[in-house]
Amino acid sequence: MVCSFGQKDQCHPSGARDLGSCLDRRKPRFLAPLGMTNVEIPHGLGRTSSARQKPTAYHMLISCTTMRVAAIFPPGRRDRYWQPFHQANDAEWTIGLPASAAEADVILIFGGDGTLHRYLADLVKLQVPVLVVPCGGGNDMARALGLHRRTDSLAAWRRFCGGGNNVRTIDLGLIQPTQPPADGAPAPAGQYFCTVGGVGLDAQTARRANQLPSWLRRRGGYVISMLLSLAQLASVKMNLETERCETEAVANHPKSAVLTAFANGPAYGGGMKIAPRAQLDDGKLDICVVRDVSKFKLLCLFPTVFFGRHLSMAEVEYFQAERLQLETEEPSDVYADGEFVCRTPIEVSVAKRALQVIVPVSVGAGVPARAGSAIGPSAGSGEDGRTRENARAYIQNKRIALAWRTAGAFRSSSST
């Protein structure tokens, strides 16, 4: 492993950055472009100091030449698919979620929707670009971003490293339980989701699918679980209250439904297009309610979901809203991205422009670019060397801005 100062592994015992042996020899070279060759090294940065402290503004300023990448894998295993990404550039790699945005410029997540779901809250706080590499059972979020295969993610990664304009900002859904805990404890925090959440049949199906072996989940496990859930089908009496815009609230009377899905993305369960009109960037939830129907009719409806043709059926109600409040006669499980979230009653809303993602060029029209999030020039402009320099300049500028904000906050806290 080579650190951003060109030193070998002795600078990084146990993965920690020890700056002491690098600063004296390399300070002029790395600070000269910033006009800071006369800056004195702060006292206490040698090997005898605490090298594992949080990075300071000084640290971030002097380490702005190498891209820092954090790779996240499903729990308990380090995926073999990361080698092509590791070899694509000369970045400095770490394994695991970074503690702060100062420790990583980009995050790669190797896994499916469940793996991404578990890290969403941290990713929203970090606000660094995220690349999803589809290695899970469903991979619906990756497909919604145009990353159908790992080769698609690798191509998007190489474009990103080469200065491509392929960073976009998308919305996330947010589920907030509204029932106070019986023991008087603080209300649980809301949970983000990226694709689809639901109550009823799809929640029962997700619970069954999570009990299957991983190899079976990747090979039609969700379909098998749904067919098994149909045998124990039971409608859920619920009340929906939706806010379709900021000034209009529509209260729906109690109704019976076998399935209620609220979607940020179009599909779940490995390609079932329950909300085919959903977009990741429109600031709205797409809500699909399947009213109480017989098992036979639901079995006939089931294949049409893979093509998004179920919306034409009379038993299906489909609309958009910015906010949804859902109550059931009896507390029911709520699942999102295939993971258990909480039990009803709940409030579901949209966290607009919450996550930066790396996408292939072909998705650019569907997921608009966030102002200031582009990296380097557009496609076809300049040579490879120039685009790489633009990417480095972008990372350097972000780190310098973060360093000055950190320094300003430190001065403010010191003066008080």
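Quick check on T178: is it assigned by TED's automatic domain parsing to the domain that holds Q325, modelled with pLDDT of 95 or more, over 21 Å from T94 (Cα atoms) and of a type in the set (S, T, N, Q)? When the stated conditions are applied, T178 does not pass them. Pairs meeting the criteria (first residue in the range 291-306 and of a type in the set (F, W, Y), second residue at pLDDT 85 or above, beta carbons under 6 Å, at least 6 apart or on different chains) are F306/M272.
Close Cβ contacts (under 8 Å, 6 or more residues apart or on different chains) running from residues in the range 264-278 that are under 21 Å from L174 (Cβ atoms) to residues that are in a loop (DSSP other than H, G, I, E, B) and among the acidic types (D, E) comprise Y268/D337. Whenever a residue of the range 118-138 is under 23 Å from G269 (Cβ atoms), its partners that are modelled with pLDDT under 95 and of a type in the set (K, R), lying with C-beta atoms within less than 6 angstrom and at least six residues away or across chains, give the pairs V133/R150; G137/R217; G137/R218.
Condition test on A91, is it touching a Cys at 6+ places or on another chain (Cβ under 8 Å) and farther than 16 Å from I170 by Cβ? Answer is yes for this residue.
Of everything in the range 240-265 that's modelled with pLDDT of 75 or more and touching a Ser or Thr at 6+ places or on another chain (Cβ under 8 Å), which residue is surrounded by the fewest Cβ atoms within 10 Å (Cβ to Cβ)? Please lay out each step first, then the result.
Pass one, the range 240-265, residues modelled with pLDDT of 75 or more: 240-243, 255-265.
Now restrict to residues that are touching a Ser or Thr at 6+ places or on another chain (Cβ under 8 Å): 240, 256-258, 263-265.
On the way: L240: 22, S256: 13, A257: 22, V258: 24, A263: 28, N264: 32, G265: 27.
My answer is S256.
Scanning the range 64-101 for residues that are part of a loop (DSSP other than H, G, I, E, B) and modelled with pLDDT of 85 or more yields M67, F73, A91, G96, L97, P98, A99, S100. Just one of the listed residues (K284, K352) is crowded, with 16+ Cβ neighbours inside 10 Å, in contact with a strand residue (DSSP E or B) (Cβ under 6 Å, 6 or more places away or on another chain) and of a type outside the set (A, V, I, L, M, F, W, C), and it is K284. Under the condition of being in a strand (DSSP E or B) and in contact with a helix residue (DSSP H, G or I) (Cβ under 7 Å, 6 or more places away or on another chain), the residues counted in the range 309-333 number 3.
Looking at this structure, is V289 surrounded by fewer than 23 Cβ atoms within 10 Å (Cβ to Cβ) and not assigned by TED's automatic domain parsing to the domain that holds G197?
No; evaluated as a whole, the condition is false for this residue.
The values are calculated or read from the model by the stated rules, or taken from the named source; none is laboratory data. Here the structure is a predicted model, which is why all the values come from computation and not from measurement. All Cβ positions, even for glycine, are placed from backbone atoms using ideal geometry, and neighbour counts span all protein chains on display.
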